[in-house]
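I'd like to ask you about the structure that follows.
The values are calculated or read from the model by the stated rules, or taken from the named source; none is laboratory data. It should be emphasised that the depicted structure is a prediction, and the values quoted were computed from it without experimental measurement. No Cβ is skipped: glycine too gets one built from the backbone with ideal geometry, and neighbour counts run over all protein chains shown. Side chains included, ligands, DNA and RNA excluded: accessible areas come from the protein's heavy atoms. Shrake-Rupley method; radii C 1.70, N 1.55, O 1.52, S 1.80 Å.
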Amino acid sequence: MRKNFIRKKEDFECQNCGYFVEGTGYTNHCHKCLYSKHVDLNVPGDRGNKCGGLMKPVGVEIRSGKYVLIHKCQKCGVQKKNKSAKNDNFDAIIHYS
């Protein structure tokens, strides 16, 4: 049985660059440096992963004309893909593409 996305509106301070991010319920990475945190286990928003490592942006792909960030956990090595947001630092997106 597939679980659905769990929307959680959470503000956070980026553990990589210190930028304060206001969450929208869909926010999963810092808009300034694009780093994320490894907190979800099965579906986005479940916050069930105990790893908690920093997810470093390691690449970008374009899917249906939109940028998708590729993150790699610096603690356990898992890779995940996340959609970019309208207010993401475009220079940072280009840097990783």
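Report yes if Cys17 is modelled with pLDDT of 90 or more and surrounded by 14 or more Cβ atoms within 10 Å (Cβ to Cβ), otherwise no.
No, not satisfied.
I'm trying to understand the selection: among the residues of segment 74-84, which are surrounded by 13 or more Cβ atoms within 10 Å (Cβ to Cβ) and within 13 Å of His29 (Cβ to Cβ)?
Answer for segment 74-84, where residues must be surrounded by 13 or more Cβ atoms within 10 Å (Cβ to Cβ) and within 13 Å of His29 (Cβ to Cβ): Lys80, Asn82, Lys83, Ser84.
Please enumerate the residues belonging to segment 57-97 that are more than 13 Å from Ser36 (Cβ to Cβ), over 14 Å from the mean Cα position of the chain (by Cα) and not in a strand (DSSP E or B).
Residues satisfying the conditions are Ser64, Gly65, Cys76, Gly77, Phe90, Asp91, Ile94, His95, Ser97.
While we're looking at this one, here's another question. Can you pull out the residues in segment 34-47 that are surrounded by fewer than 16 Cβ atoms within 10 Å (Cβ to Cβ) and under 18 Å from Asp11 (Cα atoms)?
Within segment 34-47, Asp46, Arg47 qualify.
Let me ask you something else. List, please: which pairs have Cβ atoms under 8 Å, are six or more places apart or on different chains, and start with a residue in segment 68-97 that is within 12 Å of Met55 (Cβ to Cβ) and in contact (Cβ under 8 Å) with a residue 12 or more places away in the chain and end with one that is open to solvent by 80 Å² or more (accessible area, probe 1.4 Å) and among the polar types (S, T, N, Q)?
Pairs that qualify, where the first residue is within 12 Å of Met55 (Cβ to Cβ) and in contact (Cβ under 8 Å) with a residue 12 or more places away in the chain and the partner is open to solvent by 80 Å² or more (accessible area, probe 1.4 Å) and among the polar types (S, T, N, Q), are Ile70/Gln79; His71/Gln79; Lys72/Gln79; Cys73/Gln79.
What's the number of the condition Val68 fails, among (1) open to solvent by less than 90 Å² (accessible area, probe 1.4 Å); (2) among the aliphatic types (A, V, I, L, M); (3) modelled with pLDDT under 95?
Among (1) open to solvent by less than 90 Å² (accessible area, probe 1.4 Å); (2) among the aliphatic types (A, V, I, L, M); (3) modelled with pLDDT under 95, the lone unmet condition for Val68 is (3).
If we scan segment 27-43, do we find a residue that is without any contact (Cβ under 8 Å) to a residue 24 or more places away in the chain, β-branched (Val, Ile, Thr) and assigned to a loop (DSSP other than H, G, I, E, B)?
yes
Shifting gears a bit: Go over the candidates Asn4, Asn28 one by one and state the one that is closer than 22 Å to Ile94 by Cα and either under 10 Å from the mean Cα position of the chain (by Cα) or modelled with pLDDT under 80 (or both).
Asn28
Checking Pro57 against (1) open to solvent by less than 20 Å² (accessible area, probe 1.4 Å); (2) within 19 Å of Ile6 (Cα to Cα); (3) not aliphatic (A, V, I, L, M), which single condition isn't satisfied?
(2)
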